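Trainee: Here it is, the structure, as structure tokens.
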Amino acid sequence: EVIKTSGKQNADGKYTITYGVLFKETEDKLEALNGTLKAAKRQKKVAYDAELLLMPRDKDLQVILL
């Protein structure tokens, strides 16, 4: 839901958000963001081009809601 409310729609109509914004939006609400994203990626609910997301290295990486 954070991806929809804080992200933007891309040209394909999918919602996208940078990892940095997602991290900031969920830091007080979600303890295991990386684990949640990894599980969602396995279930093909989100897509991103990294094996492991780390701040601040991946702050500009796009996370796409599928």
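FYI, it's all coordinate maths here, none of it is from the lab. Because the structure is a prediction, the values reported are computed rather than measured. Because the Cβ atoms are built from the backbone with ideal geometry, glycine has one as well, and the counts that use them run over all protein chains shown.
Trainee: Would you kindly identify the helices (runs of 4 or more DSSP H) lying entirely within region 1-64 that contain at least 2 residues that are touching a strand residue (DSSP E or B) at 6+ places or on another chain (Cβ under 9 Å) and surrounded by fewer than 16 Cβ atoms within 10 Å (Cβ to Cβ)?
Mentor: 2-6
Trainee: Another one. Scan region 16-42 residue by residue and report those that are of a type outside the set (Phe, Trp, Tyr) and in contact with a Phe, Trp or Tyr (Cβ under 9 Å, 6 or more places away or on another chain).
Mentor: Leu33, Leu37, Lys41
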